[in-house]
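Quick notes on the structure that follows.
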Amino acid sequence: PGAVAADKAYSSKANRAYLRRRRITAVIPEKTDQQANRKNKGSAGGRPVSFDPTLYKRRNTVERCFQKIKTWRGLGTRYDKSPHSYEAGLRLRAAVMWLRTLTSTT
């Protein structure tokens with residue numbers, strides 16, 4: 001991928017270094033305590049992390065899609081132990097979501 005958008009829980013140095021090694025842009029906001037620690041170190045604290053708020057806002061679309069998928073109890077709780085039956089349920093849920101976009105609600 002060209003970029004990874006994640007929430008503040010994934011803003012560790014190790015995660016950022018891993019993405020940097022693979023030449024993947026990290027779109028992860030910095031935690032306030034990490035900002036404070038960096039500022040307390042002064043010039044030794046390094047530069048602030050780059051962050052694209054516009055790209056981060058698009059992450060919301062993906063999060064909402066996952067929440068719609070999880071509304072099906074079997075998919076949200078992973079009752080189907082077989083990978084094939086789980087994938088079948090996932091495909092069925094995706095088909096239902098797609099069909100709902102084609103029909104008018106008004």
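Amide H contacts for A3 (H built 1.01 Å from N in the peptide plane; partners 5 or more residues away or on another chain; cut-off under 5 Å): T25. Solvent-accessible surface of the chain, taken per residue with a 1.4 Å probe and all protein chains present: 81 Å².
Toward the positive end of the charge dipole of the chain, with +1 on the Cβ of Lys and Arg and -1 on the Cβ of Asp and Glu, the farthest Cα among G42, A95, P1 is that of G42. Rounded to the nearest 20, the Cβ-based charge dipole of the chain about its Cα centre (Lys and Arg +1, Asp and Glu -1) stands at 300 debye.
Histogrammed with a bin width of 10 Å, the alpha carbon distances of the chain distribute as 12, 29, 26, 21, 9, 3 percent, first bin at zero.
In order along segment 42-54, the phi-based Karplus estimate (6.51 cos²θ - 1.76 cosθ + 1.60, θ = phi - 60°) of 3J(HN,Hα) comes to x, 5, 6, x, x, 7, x, 6, 6, 8, 10, x, 5 Hz; Gly and Pro are listed as x. What the Cα convex hull of segment 1-55 gives, in volume per residue, is 81 Å³. With a 1.4 Å probe and all protein chains left in place, how much of the accessible area of the chain comes from carbon and sulfur atoms, in whole percent? For the chain, the apolar C and S fraction of the accessible surface comes to 56 percent. Loop sites here are trypsin sites (Lys or Arg not before Pro) outside DSSP states H, G, I, E and B with no more than 11 other Cβ atoms within 10 Å. The longest part of the chain free of them is 42-77. Here the 3J(HN,Hα) profile of segment 90-102, calculated from phi with Karplus coefficients 6.51, -1.76 and 1.60 at θ = phi - 60°, is 5, 5, 5, 4, 5, 5, 5, 4, 5, 5, 5, 6, 7 Hz, Gly and Pro shown as x.
The values are calculated or read from the model by the stated rules, or taken from the named source; none is laboratory data. Treat the numbers as computed from the prediction; the structure is a model and nothing was measured. Cβ sites come from the backbone with ideal geometry, for glycine too, and all protein chains shown count toward neighbours. Quick note on the areas: whole protein, heavy atoms, side chains included, nothing else; ligands and nucleic acids left out. Shrake-Rupley method; radii C 1.70, N 1.55, O 1.52, S 1.80 Å.
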